[in-house]
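Worksheet: the structure to be examined is printed underneath.
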Amino acid sequence: MTPSQVGLCLNVLFAADVSKLAHKNLYQVAGVLHRDISLGNLLINSNGDAGDRGILIDFDNAVRIDDTSPYAQKYIVVSKRLFIQSTDD
């Protein structure tokens, strides 16, 4: 594995950690369900301390968990995949 591939893997792990913590805090503390967590919606600071590694952005599809409006009840499926291209020949 090349150093750049190792760096990419570390960034993906940081992203997973950031998204888990951010979503947990949003849901439990603020009562918000984001509904569109992806690598594109995370600003990552891989040098940050635990709990300060990134920011979850793009709340266009977010709803309050106690919201009973038709929009909040609409089931949204978001699927994004991360493909890591190998540069080895």
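If I model region 3-73 as equal point scatterers sitting on the Cα atoms and use the Debye formula, what is log10 I(q)/I(0) at q = 0.12, 0.19, 0.21, 0.28 Å⁻¹?
Listed by q, the Debye log ratios stand at -0.36, -0.75, -0.86, -1.25.
Sorting HIS34, HIS23 on the 10 Å Cβ count, fewest up front, what's the list?
Placing the least packed residue first, the sequence is HIS23, HIS34.
A short reminder: the numbers here are calculations on the coordinates, not readings from a lab. Computed from a prediction, not measured in an experiment: that's the story for all the values here. When we count neighbours, we look across all protein chains shown, and the Cβ atoms used for this are built from the backbone with ideal geometry, even at glycine.
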